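Since the structure comes first, as structure tokens, the remarks are kept for the end.
Here, each number is a calculation from the coordinates, and none is a lab measurement. Here the structure is a predicted model, which means the values were calculated and not measured. Here the Cβ is made from the backbone with ideal geometry for all residues, glycine too, and neighbour counts use every protein chain on show.
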């Protein structure tokens, strides 16, 4: 494999897990008020188009990378709907 | 241009602006507590690698898409450092 193709695979592997830290953070904090719904909507639409492109081109790296991103984008959309409301601080009462 | 290449260009165009709604939201709210620093770190590293890949492959769509994503990722990293602290609600006092 040529060095540039190795670079492409490394780039694709990092791209694939880009949204994973956000998924873990939001799952832990149960807070997604600051997250843009439109951002993950754009991400979901674009990776679906990339998946179709990858399947048509028979490109395994494109299919693999975008399948992973689609999974994490859908989880973030779910989290946004579930935890998207602004958290109201709970007063410390007896 | 073949239909599948048009699809690729549409996918790339949406990918390019994926982070834009997040940049606008964070700029407006000045709140980035829920945003994962690691997510935008991964995004920045991967798009720099994709840029090198695109330049080596002389692929204008890859260079264009990833230049845009790099710009928005760097803005989000700046916002995360500037607005990343948990907002403390201001009491309504006289």
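Relative contact order (percent) for chain B, with alpha-carbon contacts under 8 angstrom and 6 or more residues of separation? Each step should come with its number before you reach the end.
Values: 80 pairs, mean separation 39.8, N = 94.
Over chain B, the number comes to 42 percent.
Grab the DSSP H runs of the protein assembly as shown that are 4 residues or longer, score each as -39,500 (n - 2.57), total them, divide by all residues and round the 222 nm result to the nearest 500 deg cm²/dmol. Walk me through the numbers before you get to the answer.
Working: 8 runs with 136 residues, N = 188.
The helix contribution divided over the protein assembly as shown gives -24500 deg cm²/dmol.
Identify the residue of chain B whose Cβ lies closest to the rotation axis that maps chain B onto chain A, and give that distance in whole Å.
Chain B residue with minimal Cβ-axis distance: B:34, 2.
Just to be sure I understand the model, the point goes 7 Å from the Cα along the line to the Cβ. What's the resulting residue B:81 to residue B:33 distance in nm?
2.2
Quick one: with label points 7 Å out along Cα→Cβ, list the inter-copy distances for residue B:4 in nm, shortest first?
2.1
Shortest first, in nm, what separates the label point of residue A:27 from those of the same position in the other copies (7 Å along Cα→Cβ)?
For residue A:27, the other copies' label points sit at 3.3 nm, shortest first.
Between copies, how close do the residue A:84 label points come, placed 7 Å along Cα→Cβ, listed in nm from shortest?
Label-point separations across copies, in nm and ascending: 2.6.
Note the full-extension length gain between residue B:48 and residue B:13 as 0.36 nm times their separation in residues minus their Cα-Cα distance, in nm to one decimal. Write out the running numbers ahead of the final one.
Working: separation 35, 0.36 × 35 = 12.60 nm, distance 1.76 nm.
So the chain would gain 10.8 nm between residue B:48 and residue B:13.
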